[in-house]
Amino acid sequence: MSIVRQAQDGETGTVPENGPVTAGAHRHDYGHAPEFDGRRREPGTGELVKQAAQQVSDLMRAELRLAVAELKDKGRHAGTGAGMFGGAALVALYGVAVLLAAVVAAIAVALPVWAAALIVGGFLMLVAGVLAMLGRSQTRKATPPKPEQAMDGARQTVAELKERATHR
């Protein structure tokens with residue numbers, strides 16, 4: 001339904017139900033109260049909280065799935081890298097063996113081959129013995145395998161808290 005009214009500038013125009021339409025750059029909107037539609041139900045606070053909790057739960061599950069996929073991918077790369085390091089160590093071991101054979105051959109120029117091999121073997125056994133002794137001393141420092149300093153600190157803290165609690 002339209003109403004005919006005179007506009008501010010003297011011209012007449014058609015005014016629709018939801019407000020006047022004026023010629024020019026200015027438009028006047030008159031606020032209306034929201035209409036209630038009995039068929040359309042707005043969600044209540046409880047339902048909105050339930051929806052928000054469900055959305056947060058879904059978001060957390062999606063984030064966990066993403067983290068698991070990322071960790072699997074990184075684990076795959078780490079495993080491949082570790083395998084390559086192992087291969088490099090094996091090749092380096094063979095290289096060291098060839099270099100030791102070259103040392104034996106170089107010493108064999110001046111001495112018999114058996115004497116050269118004995119000298120190189122004895123030197124290697126000496127190095128192995130020194131490394132074993134150093135490893136043994138380091139292992140002794142690591143036992144017992146429990147955090148003794150942290151445990152002592154925790155015991156002192158508990159004792160101090162008990163003392164403060166009894167003196168109040």
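Structure above, values below:
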{"quantity": "Among (1) touching a helix residue (DSSP H, G or I) at 6+ places or on another chain (Cβ under 9 Å); (2) assigned to a helix (DSSP H, G or I); (3) without any contact (Cβ under 8 Å) to a residue 12 or more places away in the chain - the single one Leu111 does not satisfy", "calculated": "(2)"}
{"quantity": "Candidate set from region 45-103 (those that are farther than 30 Å from Val120 by Cα and among the hydroxyl-bearing types (Ser, Thr, Tyr)); member that is surrounded by the fewest Cβ atoms within 10 Å (Cβ to Cβ)", "calculated": "Thr45"}
{"quantity": "Qualifying residue in region 135-149 (condition: under 30 Å from Val98 (Cβ atoms) and either open to solvent by less than 80 Å² (accessible area, probe 1.4 Å) or outside any loop (DSSP other than H, G, I, E, B) (or both))", "calculated": "yes"}
{"quantity": "Matching option when the condition is more than 36 Å from the chain's Cα centre (by Cα) and part of a helix (DSSP H, G or I), among Ala165, Ala88, Ala154", "calculated": "Ala165"}
{"quantity": "Inter-residue pairs, beta-carbon under 8 Å, first without any contact (Cβ under 8 Å) to a residue 60 or more places away in the chain and in region 43-72, second surrounded by 10 or more Cβ atoms within 10 Å (Cβ to Cβ) and in a helix (DSSP H, G or I), 6+ apart", "calculated": "Pro43/Gln51"}
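The values are calculated or read from the model by the stated rules, or taken from the named source; none is laboratory data. This one's a predicted model, so the numbers in the text were calculated from it and none came from an experiment. Heads up, the Cβs are rebuilt from the backbone with ideal geometry, glycines too, and the neighbour counts pull from every protein chain shown. Just the protein is used for accessible areas: all its heavy atoms, side chains included, with ligands, DNA and RNA removed. Shrake-Rupley method; radii C 1.70, N 1.55, O 1.52, S 1.80 Å.
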